[in-house]
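Below is one structure, written out as structure tokens, with a few remarks after it.
Where a number appears in this text, it was derived from the coordinates with a stated rule and is not lab data. Treat the numbers as computed from the prediction; the structure is a model and nothing was measured. Here the Cβ positions follow ideal geometry from the backbone for every residue, glycine too, while neighbour counts run over all protein chains shown.
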Amino acid sequence: MLEKRQNKSSMSFRVKTRNLLSIIIILIGASSFSQVSSTVDTTQIKIGEEIIYTIQVEADSSDLVLFPEGQTFSPLEVIESYKIDTTRLEDKIQLIKKYGLTQFDSGSYTIPTQRIVINNNPFNTDSLRIEVANVVVDTLQQKMYHIKPAFDVADPLFDYKNLLFILLGLLFLLGIALYFRRKKKRKEAEQILPPYEEALEALKELDSSHFLKNDNSKKYYSALTEIIKRYLHREVDDSALESTSNELIERLILHRDAGNFEFDKDTIKKLESIFKRADLIKFAKMREQEGQAKVDRSVVEEIINETKEIIPEPTEEELLQNELYLEELRKKQLIKKRIKIVLGVFVSFIIAGAVFGAIKGFDELKDKTIGNEVRSLSEGRWIKSEYGTPLVIIETPKVLVRTATDSLITRNPLIKETHAFTYGGLQDKLLVKVSTLQFKQEQEIDLDKALDAALTILESAGAKNLVVKRDDFETEKGIKGVKAYGDFQVQISEKKVLKQKSKYELLIFAQGNGLQKVLVVYQDDGKYSEAIKDRIISSIELEVTEQKKKDEQ
């Protein structure tokens with residue numbers, strides 16, 4: 001008996017101890033949870049009004065508390081971050097941090113949870129829903145004016161002056177290019193000439209020069225010695241151009257003594273005399289005697305003729321090498337010619353593009369050359385078709401393709417049938433989706449809840465930082481619905497979100513026992529995408545059910 005009593009008392013003590021520990025843990029958890037709270041002074045504002053968002057923290061005086069900084073309240077904007085207000089409560093302190101928030105677009109917004117760090121331990125606040133309303137205009141006090149009639153605006157005059165300057169600049173550049181091209185061709189033609197013909201042609205050009213008339217003997221003798229040296233370089237000694245006058249005479253004597261060329265002694269002496277006279281005129285500024293320059297020019301021509309006669313005939317091997325050289329030269333010239341043709345065509349396209357851009361606009365030029373997917377959708381052939389049950393009649397740039405619906409929806413015992421039709425995706429330039437749902441029995445459908453569910457599905461598909469504005473909508477046949485519109489960023493992976501925002505417009509309709517949804521998502525290009533969206537939305541026609549007809553009657 002004593003042992004049983006001891007066991008009972010031991011068990012009772014354990015139970016009490018366990019309960020006490022549980023209560024302590026709950027109290028500790030409750031105290032930790034209750035030390036951070038957040039409130040707003042109002043949940044309904046007009047555009048541009050300020051919301052005071054307050055975070056209150058109770059902590060020990062030795063605790064390190066970090067409040068959120070920066071634009072962590074998106075989609076609302078922080079217009080002011082107030083100083084922290086500190087109040088002492090016995091052995092604890094109370095920290096109050098206020099933020100001034102606002103939004104400049106009407107709609108329903110959610111202030112996201114904010115993270116407060118206390119001694120490296122994070123604490124999150126609750127998210128709060130805010131309604132931003134439009135500013136109501138008092139039409140009784142505000143003067144009203146008649147709508148001004150439309151009038152035609154004349155097309156802006158084409159700036160021919162700018163086009164003229166562009167064309168003149170292009171023609172100037174083309175003229176410079178042609179000048180250098182001709183100059184280069186002339187040099188190439190000179191190189192192609194055989195050495196003897198090249199030397200005689202150079203002497204003729206020297207005769208037509210005005211060096212002697214302008215008393216410029218230095219340039220005359222420089223050109224004359226250059227002609228004879230170049231000829232000897234190509235026919236006799238391949239180092240003649242780099243040699244001085246004395247070095248060249250010595251090399252010619254060596255060629256004669258070696259039996260390579262049968263130079264006459266008088267020919268070498270005449271050439272040496274001309275070189276010495278030329279050096280004195282070029283470097284010592286000696287004046288040449290009257291008529292001496294023409295005599296020396298005749299002597300140079302005689303030396304060229306005599307040298308040509310003593311040069312041995314080329315062998316078959318040399319002729320073959322010469323033919324190969326000429327063939328290689330012909331191929332190079334052909335390649336250069338093709339390159340010039342390509343460059344000419346390219347320049348012509350540039351000029352044509354500049355003229356077209358100046359007349360039609362460079363955006364038009366870009367669309368015509370590179371292409372514009374959104375413009376192609378806008379200006380292409382549109383298709384008007386019927387989708388789902390109850391019917392949704394809509395006009396789109398492309399035919400919508402039937403897609404699979406969520407299995408959770410199809411398994412619902414209340415749903416009779418569901419359909420979905422789509423073109424494009426969230427990451428594309430345009431997404432159009434039409435979906436319909438029909439219940440087995442007539443249901444009372446809350447359109448606002450249906451819209452919230454549709455927005456949740458959109459977020460789960462990858463729409464992040466969703467900005468939602470709500471409004472009523474009515475078709476031309478009087479079928480009423482609700483509309484949500486705004487923008488979001490597309491999440492393409494766990495860590496990557498597209499910077500460019502996509503705009504959307506979501507419409508929900510309910511008729512009898514059916515639900516109809518139209519979603520349009522597009523990337524705004526500032527020109528065509530908004531017009532595509534407006535055309536799609538304005539084309540929506542819905543099947544009028546029998547119940548709707550009875551209500552109208």
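Taken over the range 82-134, the convex hull of the Cα atoms encloses 114 Å³ per residue. When the charge dipole of the range 380-552 is built from unit charges on Cβ atoms (+1 for Lys and Arg, -1 for Asp and Glu) and taken about the Cα centre, the candidate among Ile457, Val497, Gly514 whose Cα reaches farthest toward its positive end is Val497. Checking the Cα-Cα distances for Lys83/Lys501; Lys183/Lys265; Lys97/Lys449; Lys276/Lys308; Lys265/Lys294 against a 30 Å cut-off, the pairs over it are Lys83/Lys501; Lys183/Lys265; Lys97/Lys449.
Could you tell me the calculated FRET efficiency between Glu541 and Leu168, based on Cβ-Cβ distance and R0 = 51 angstrom, to the nearest 0.05?
Working: r = 58 Å, r/R0 = 1.13.
That pair, Glu541 with Leu168, gives E of 0.30.
Note on Ser127 and Gln94: their simple-model spin labels are 2.9 nm apart, each label 7 Å out from Cα toward Cβ. Overall shape of the range 35-133 was characterised from the C-alpha gyration tensor. The equivalent ellipsoid obtained from it has semi-axes of 27, 13, 11 Å, in decreasing order. Dimensions of the range 193-312 along the principal axes, based on C-alpha atoms and rounded to the nearest Å, stand at 43, 30, 24, largest first.
How large is the Rg to Rh ratio of the range 393-485 when both quantities use alpha carbon positions and Rh follows Kirkwood? Dividing the radius of gyration by the Kirkwood radius yields 0.95. P(r) tail, the range 380-552: Cα-Cα pairs separated by more than 20 Å, 52% of all pairs. Extension gain Asp105-Ser37, at 0.36 nm per residue separation less the Cα-Cα distance, in nm? Stretched fully, the Asp105-Ser37 segment lengthens by 21.7 nm.
What relative contact order, as a whole-number percentage, does the range 193-312 give when Cα pairs under 8 Å and 6 or more residues apart are counted? Numbers along the way, then the final one.
Values: 85 pairs, mean separation 38.8, N = 120.
That works out to 32 percent.
The modelled label-to-label distance between Ile311 and Lys294, using points 7 Å beyond Cα along the C-beta direction, is 2.9 nm.
Under a point-charge model restricted to the Cβ atoms of Lys and Arg (+1) and Asp and Glu (-1), what is the dipole moment magnitude of the range 193-312 relative to its Cα centre, in debye to the nearest 20?
On the way: 20 positive and 26 negative charges, 126 e Å.
With Lys and Arg at +1 and Asp and Glu at -1, about 600 debye.
Model label sites at Ile359 and Asn134, defined 7 Å from Cα along the beta-carbon direction, differ in position by 4.5 nm. Normalised by residue number, the volume inside the convex hull of the Cα atoms of the range 258-303 is 82 Å³ per residue.
Note on the range 380-552: with charges restricted to the Cβ of Lys and Arg (+1) and Asp and Glu (-1), its dipole about the Cα centre is near 660 debye.
Using the Cβ-Cβ distance between Tyr196 and Asn216 with R0 set to 25 Å, the FRET efficiency from 1/(1 + (r/R0)^6) comes to roughly 0.35. Descending by average beta-carbon neighbour count within 10 Å, the peptides 80-88, 386-394, 98-106, 242-250 line up as 386-394, 98-106, 242-250, 80-88, the highest first.
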